[in-house]
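The values are calculated or read from the model by the stated rules, or taken from the named source; none is laboratory data. Not measured: the values here are computed from a predicted model. Neighbour counts run over all protein chains shown; Cβ positions are idealised from the backbone, glycine included.
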Amino acid sequence: MASMTSDEDFERSNVHEVYDQIAPHFSSTRYKPWPIVERFLLGLSDGSVGLDVGCGNGKYLTVNPKIFVLASDRSEKLVRIAKQHQPHTCIVADNLSLPHSPSSLDFVISIAVVHHLSTSTRRGQAIAAMLEVLKPSPCHEHSVSVDVNRAGKALIYVWALEQKHSRRGWDEGDDQDVMVPWVMKQNTAANGASEKTFNRYYHLYRRGELEEDIQAAGGEVIESGYEKDNWWAIAVRRPAK
Amino acid sequence: MKILTTSFLTCAVKACKSSPLSFPLHYKDAELEQSDIAYNPRFLINILPRIDWDAVRVTATELGFTVPEEKPELPALDASSSTDTIEPADEKTLRELHTLLLETEVREGKLVCGNCGHEYKIKEGIANFLLPSHLGEFELFPFCFLH
Ligand SMILES: [Zn+2]
Ligand SMILES: [Zn+2]
């Protein structure tokens with residue numbers, strides 16, 4: 001298996017640098033929230049504080065004005081775009097090294113992010129890092145005295161392998177590790193209309209894989225499903241034995 | 001970077017998270033700016049229970065503000081009603097909290113970890129927590145924190 005550093009290098013050139021280059025164009029195409037994400041955010045209790053890990057242009061920051069979101073992304077260019085959404089906060093951070101105390105937050109959303117990590121170990125670590133910042137579920141010994149509803153919840157959303165009716169047409173049995181082109185059309189005075197293609201790395205999740213990854217990372221899936229070419233799951237931290 | 005945010009941030013280095021010295025982070029060479037954010041008393045009242053007041057006090061004091069020793073007591077709001085009646089004294093406290101926690105921004109400067117000394121740069125209001133790769137080692141904490 002490749003070393004941690006070379007996996008990071010791979011992601012730098014095939015994910016982060018691409019997003020930096022396509023940031024304004026990408027942002028102009030991303031404005032409509034996914035219904036599952038909207039439902040999750042609107043279901044949080046007033047005053048909830050949590051994270052949007054891999055916030056992109058910050059399109060989820062406007063969904064629920066009664067919560068406080070610390071949004072982060074690896075791409076400084078996208079963070080600058082996301083920053084306009086007050087009263088939230090946007091920072092540049094890595095999803096494997098989040099700058100938040102363990103057990104401190106009410107929720108985490110991670111929408112279309114984990115599938116950009118290039119090994120199963122790193123995807124598991126990203127999920128574990130998100131679970132770690134959530135307020136824990138009580139262990140069996142403590143469950144009588146603690147309000148279970150106060151446990152933090154994470155919503156994780158990843159691209160599905162099974163999407164045979166989509167433009168891409170992938171389906172069960174296809175290669176799960178793919179490079180996906182992003183075509184950027186530019187109109188410049190000097191060159192007229194031109195096109196430039198950028199490739200981004202994706203790991204396409206097969207049915208059940210997200211739940212397995214969450215389980216292995218110490219989470220407990222409380223709800224999961226499929227929404228328009230994506231798998232999603234809502235998880236809490238598994239109580240300690 | 002808002003003062004409210006500092007209450008939810010710590011060092012990104014794994015080994016620092018178990019050290020009380022890593023929270024809150026400390027501002028250095030901070031250039032402040034007042035921004036204009038819509039006043040929302042209900043938001044403040046709901047968020048206040050989640051705020052670590054000791055952390056806010058440390059941060060605010062370092063930036064030259066004076067804040068009360070104790071977290072201010074605020075009235076509970078009726079969640080079912082859309083209009084809030086707030087006493088003048090509470091209104092004053094809420095306005096002060098709004099200015100301090102939400103509208104006071106650190107535009108340029110650094111956030112420094114009291115444990116490892118790592119400095120995170122703040123540029124145009126955005127803090128950057130990316131670590132040099134040797135500090136980004138992944139390690140998990142045990143799971144039940146109630147023991
Ligand atoms: Zn316990
Ligand atoms: Zn540190």
Note to self: I'm trying to understand the selection: among the residues of the stretch A:51-71, which are within 9 Å of chain B (Cβ to nearest Cβ) and not aliphatic (A, V, I, L, M)?
What the structure shows: A:65, A:66, A:68
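Just give me the residues in the stretch B:89-125 being among the acidic types (Asp, Glu) and either out of contact with any strand residue (DSSP E or B) (no Cβ under 9 Å at 6 or more places or on another chain) or closer than 30 Å to residue B:75 by Cβ (or both), in sequence order. Walk me through how you get there before you give the answer.
Pass one, the stretch B:89-125, residues among the acidic types (Asp, Glu): B:90-91, B:96, B:103, B:105, B:108, B:119, B:124.
Correct list: B:90, B:91, B:96, B:103, B:105.
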Check: Counting only residues that are within 10 Å of chain A (Cβ to nearest Cβ), assigned to a helix (DSSP H, G or I) and either at pLDDT 95 or above or more than 13 Å from the chain's Cα centre (by Cα) (or both), how many does the stretch B:6-37 have?
Finding: 3
Margin query: Against the conditions (1) more than 16 Å from ligand 1 (Cβ to nearest atom); (2) basic (Lys, Arg); (3) touching a helix residue (DSSP H, G or I) at 6+ places or on another chain (Cβ under 7 Å), where does residue A:185 fall short? Just the number, please.
Written below: (3)
Next item on the list: Kindly indicate the residue of the stretch B:107-121 that is under 16 Å from residue A:90 (Cβ atoms) and within 16 Å of ligand 2 (Cβ to nearest atom) and also surrounded by the most Cβ atoms within 10 Å (Cβ to Cβ) among those meeting that condition.
Entry: B:111
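Test residue A:125 against the criterion of being touching a residue at least 24 places away in the same chain (Cβ under 8 Å), farther than 19 Å from residue A:40 by Cβ and within 11 Å of chain B (Cβ to nearest Cβ), and give yes or no. So that I can check it myself, show each step before the final result.
On the way: touching a residue at least 24 places away in the same chain (Cβ under 8 Å): yes; farther than 19 Å from residue A:40 by Cβ: yes; within 11 Å of chain B (Cβ to nearest Cβ): yes.
Against the criterion (touching a residue at least 24 places away in the same chain (Cβ under 8 Å), farther than 19 Å from residue A:40 by Cβ and within 11 Å of chain B (Cβ to nearest Cβ)), residue A:125 qualifies.
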Checklist line | Leading residue by the ranking (surrounded by the fewest Cβ atoms within 10 Å (Cβ to Cβ)) among those in the stretch B:50-70 that are out of contact with any Leu (no Cβ under 9 Å at 6 or more places or on another chain) and without any contact (Cβ under 8 Å) to a residue 12 or more places away in the chain | finding: B:66
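Of B:28, B:17, which residue is of a type in the set (D, E, K, R) and surrounded by 19 or more Cβ atoms within 10 Å (Cβ to Cβ)?
Values: B:28 fails: surrounded by 19 or more Cβ atoms within 10 Å (Cβ to Cβ).
One residue alone meets the criteria, B:17.
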Notebook entry, point to check: Is it true that residue B:66 is more than 15 Å from ligand 2 (Cβ to nearest atom), under 17 Å from the mean Cα position of the chain (by Cα) and of a type in the set (Ser, Thr, Tyr)?
Noted result: yes
Check: If residue A:15 satisfies every condition in (1) part of a loop (DSSP other than H, G, I, E, B); (2) at pLDDT 80 or above but one, which is the exception?
Finding: (1)
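So that you can scan it fast, the table gives a plain yes or no per residue for (1) in contact (Cβ under 8 Å) with a residue 12 or more places away in the chain; (2) more than 16 Å from ligand 1 (Cβ to nearest atom); (3) assigned to a strand (DSSP E or B):
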{"residue": "A:181", "(1), (2), (3)": "yes, yes, yes"}
{"residue": "A:194", "(1), (2), (3)": "no, yes, yes"}
{"residue": "A:201", "(1), (2), (3)": "yes, yes, yes"}
{"residue": "A:214", "(1), (2), (3)": "yes, yes, no"}
